[in-house]
Ligand code: NAD
């Protein structure tokens with residue numbers, strides 16, 4: 001505890017000195033982070049493979065590449081973001097000027113999840129650096145190789161008086177939460193999100209919470225056969241080709257009209273075969289389940305006899321390799337855990353509806369998703385989804401892509417999260433917008449001062 005307080009004091013003193021506020025410091029740190037990612041690329045591939053069995057291509061696309069893109073964007077725009085913005089004032093204020101001055105929040109704490117252990121630690125760090133904050137990162141203990149890589153690499157490349165990594169599990173997290181921070185940025189589960197928010201409330205610390213997914217995909221049976229094939233390809237590669245379903249943005253379940261179900265299942269099966277071959281357990285292209293705990297959790301979802309009876313493809317598991325086959329289920333009971341909890345793994349339920357329009361009611365009967373994906377060319381349906389449902393984001397005719405767009409905020413709503421980041425939104429997340437008004441000492445209307453009389457009401 002004493003050493004944590006000393007570490008916080010060091011970071012606070014450095015923040016108060018103004019060292020992290022200059023554009024030169026922010027750009028230098030962003031460039032150093034860029035160097036870390038390029039010079040340590042092989043190490044990163046190794047640790048991500050160790051933690052999650054991710055293929056190098058997947059690791060580059062989802063972690064290193066995403067970060068390099070964000071760094072480039074922030075380096076280009078940070079100076080403009082940090083500049084005060086002039087604001088209009090009513091004539092009655094004359095002579096005066098006003099501006100909004102972006103002010104770094106101070107000392108911030110970042111908690112990350114294990115599924116993209118590098119990107120989810122460093123993407124918020126890009127925002128914190130751009131905003132001029134000092135930062136402590138607590139990576140997930142469930143990706144230990146990446147966590148210890150960050151603890152080694154950050155001090156080697158970054159300003160150690162401003163950015164620190166603290167490793168550890170729940171006891172360390174709990175200790176961190178007892179202290180006061182100027183912002184807590186959390187990526188993780190809804191359950192722990194609640195713990196973070198109540199701990200933050202004690203100090204009135206603002207939070208950004210990037211929480212659970214439960215993202216539905218709606219597939220319209222009126223699509224042409226080639227568009228249906230494309231939809232299945234996109235859903236399949238985003239589900240199983242992105243950390244094997246262990247992604248907040250993975251499709252959690254598909255909604256489809258009864259008459260399309262068997263065609264869609266065939267298309268998904270073809271896509272799995274094309275991507276990973278016949279012997280999936282040996283495939284190097286598919287990530288494994290992160291640990292025994294999550295492996296057992298996923299197996300227990302399948303053990304429910306009502307759920308196992310609904311498996312139409314896959315279902316095999318290998319405990320030693322922590323491997324679960326891409327598994328498709330048709331109409332599992334809606335009351336089963338599979339359908340009431342976030343799956344976060346390679347199981348993909350398909351729920352059939354009489355009419356595709358019923359998908360709106362279905363989605364609205366559940367907590368607000370992080371993302372909704374709708375594959376359709378029907379403009380009326382698109383409009384209804386946008387205006388009658390609530391979610392962190394909506395993507396038409398694709399999956400996951402919005403995550404890569406710097407100009408779009410990434411975040412949830414309701415149980416899928418509070419706040420957002422990416423691009424300028426990351427800068428805003430770690431910034432206080434300070435209102436500044438400058439006035440002069442001449443031209444003073446006497447109407448603003450007592451003694452009051454009815455004549456002064458007119459002003
Ligand atoms: P988690 O909530 O178990 O852990 C996240 C972080 O919180 C870790 O750093 C962990 O050490 C810490 N933590 C765990 N228990 C704690 C406690 N009792 N007190 C204080 N801190 C604690 O989440 P996870 O298993 O690492 O990640 C999976 C979850 O994260 C899923 O729900 C997934 O949807 C979500 N997620 C969301 C996003 C997003 O951007 N919205 C991205 C990735 C993952």
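The values are calculated or read from the model by the stated rules, or taken from the named source; none is laboratory data. If you're wondering where the values come from, they're calculated on a predicted model, not measured in any experiment. Glycine gets a Cβ as well: all are built from the backbone with ideal geometry, and neighbour counts include every protein chain shown.
When you look at residue 156, is it part of a helix (DSSP H, G or I), farther than 30 Å from residue 397 by Cβ and in contact with a helix residue (DSSP H, G or I) (Cβ under 9 Å, 6 or more places away or on another chain), yes or no? Here the answer is yes, as residue 156 does meet what is asked.
Among the residues of this structure, residue 287 counts as one that is crowded, with 19+ Cβ neighbours inside 10 Å and either part of a loop (DSSP other than H, G, I, E, B) or touching a residue at least 24 places away in the same chain (Cβ under 8 Å) (or both).
In segment 127-141, the residue that is farthest from residue 42 (Cα to Cα) out of those that are part of a strand (DSSP E or B) and more than 10 Å from the ligand (Cβ to nearest atom) is 134.
Of the set (1) in a helix (DSSP H, G or I); (2) over 20 Å from the mean Cα position of the chain (by Cα), all apply to residue 86 but (1). The single condition from (1) closer than 30 Å to residue 293 by Cβ; (2) out of contact with any helix residue (DSSP H, G or I) (no Cβ under 6 Å at 6 or more places or on another chain); (3) in a helix (DSSP H, G or I) that residue 351 fails is (3). In segment 235-254, which residues are more than 16 Å from the ligand (Cβ to nearest atom) and crowded, with 22+ Cβ neighbours inside 10 Å? Matches in segment 235-254: 235, 236, 240, 241, 254. Exactly one residue out of 144, 171, 124 is more than 18 Å from the chain's Cα centre (by Cα), within 13 Å of the ligand (Cβ to nearest atom) and touching a residue at least 60 places away in the same chain (Cβ under 8 Å), and it is 144. Mind counting the residues in segment 7-29 that are in a helix (DSSP H, G or I) and over 25 Å from residue 176 (Cβ atoms)? Residues meeting the conditions: 4. Does residue 188 satisfy the criteria of being under 16 Å from the mean Cα position of the chain (by Cα) and within 11 Å of the ligand (Cβ to nearest atom)? Judged against the criteria, residue 188 is a match.
Scan segment 223-238 and tell me whether some residue there is at pLDDT below 95, within 30 Å of residue 128 (Cα to Cα) and part of a helix (DSSP H, G or I). Step through it out loud before you land on a result.
Here is the first cut: in segment 223-238, the ones at pLDDT below 95 are 237-238.
Of the ones still in play, those that are also within 30 Å of residue 128 (Cα to Cα) are 238.
Imposing the further condition that a residue be part of a helix (DSSP H, G or I) reduces the set to 238.
Looking for residues that are at pLDDT below 95, within 30 Å of residue 128 (Cα to Cα) and part of a helix (DSSP H, G or I), one finds at least one in segment 223-238, hence yes.
Could you tell me whether residue 100 is surrounded by 20 or more Cβ atoms within 10 Å (Cβ to Cβ) and under 30 Å from residue 197 (Cβ atoms)? Spell out the reasoning first.
Values: surrounded by 20 or more Cβ atoms within 10 Å (Cβ to Cβ): no; under 30 Å from residue 197 (Cβ atoms): yes.
So residue 100 fails the test.
With a requirement of 1 or more residues that are free of Cβ contacts under 8 Å to residues at least 12 places away in the same chain, none of the strands (runs of 3 or more DSSP E) lying completely within segment 364-459 satisfies it.
Every residue, every condition in (1) over 20 Å from the mean Cα position of the chain (by Cα); (2) within 15 Å of the ligand (Cβ to nearest atom); (3) surrounded by fewer than 24 Cβ atoms within 10 Å (Cβ to Cβ), yes or no:
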site	(1), (2), (3)
335	yes, no, yes
339	yes, no, yes
347	yes, yes, no
355	yes, no, yes
361	yes, no, yes
367	no, yes, yes
373	no, no, no
377	yes, no, yes
380	yes, no, yes
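All conditions but one from (1) without any contact (Cβ under 8 Å) to a residue 24 or more places away in the chain; (2) closer than 17 Å to residue 55 by Cα; (3) within 29 Å of the chain's Cα centre (by Cα) apply to residue 276; the one that does not is (1). Sort through 204, 150 and tell me the only one that's away from the ligand (no atom under 11 Å from the Cβ), free of Cβ contacts under 8 Å to residues at least 60 places away in the same chain and within 22 Å of residue 246 (Cβ to Cβ). Going through 204, 150 in turn, just one is away from the ligand (no atom under 11 Å from the Cβ), free of Cβ contacts under 8 Å to residues at least 60 places away in the same chain and within 22 Å of residue 246 (Cβ to Cβ): 150.
Of the numbered criteria (1) surrounded by 13 or more Cβ atoms within 10 Å (Cβ to Cβ); (2) not in a loop (DSSP other than H, G, I, E, B), the one residue 76 fails is (1).
The number of residues in segment 93-117 being under 28 Å from residue 62 (Cβ atoms) and assigned to a strand (DSSP E or B) comes to 4.
Just to check your reading of the model, which residue among 213, 193 is outside any helix (DSSP H, G or I), in contact with a strand residue (DSSP E or B) (Cβ under 8 Å, 6 or more places away or on another chain) and within 12 Å of the ligand (Cβ to nearest atom)? Before the answer, list the steps.
On the way: 193 fails: outside any helix (DSSP H, G or I).
After ruling out the rest, the residue left standing is 213.
Applying the criterion of being under 18 Å from the mean Cα position of the chain (by Cα) and assigned to a helix (DSSP H, G or I) to the residues of segment 239-252, the residue that is nearest to residue 56 (Cα to Cα) is 243.
Would you confirm whether or not segment 97-111 contains a residue that is over 26 Å from residue 15 (Cβ atoms), at pLDDT 95 or above, within 16 Å of the ligand (Cβ to nearest atom) and within 21 Å of the chain's Cα centre (by Cα)? Checked against the condition, which is being over 26 Å from residue 15 (Cβ atoms), at pLDDT 95 or above, within 16 Å of the ligand (Cβ to nearest atom) and within 21 Å of the chain's Cα centre (by Cα), segment 97-111 yields no hits at all. For segment 317-328, the criterion of being at pLDDT 95 or above, crowded, with 21+ Cβ neighbours inside 10 Å, touching a strand residue (DSSP E or B) at 6+ places or on another chain (Cβ under 8 Å) and under 28 Å from residue 420 (Cα atoms) is met by no residue. Which of the residues that make up segment 412-436 are surrounded by fewer than 21 Cβ atoms within 10 Å (Cβ to Cβ) and within 16 Å of the ligand (Cβ to nearest atom)? Scanning segment 412-436 gives 413, 414, 415, 418, 419, 420, 425.
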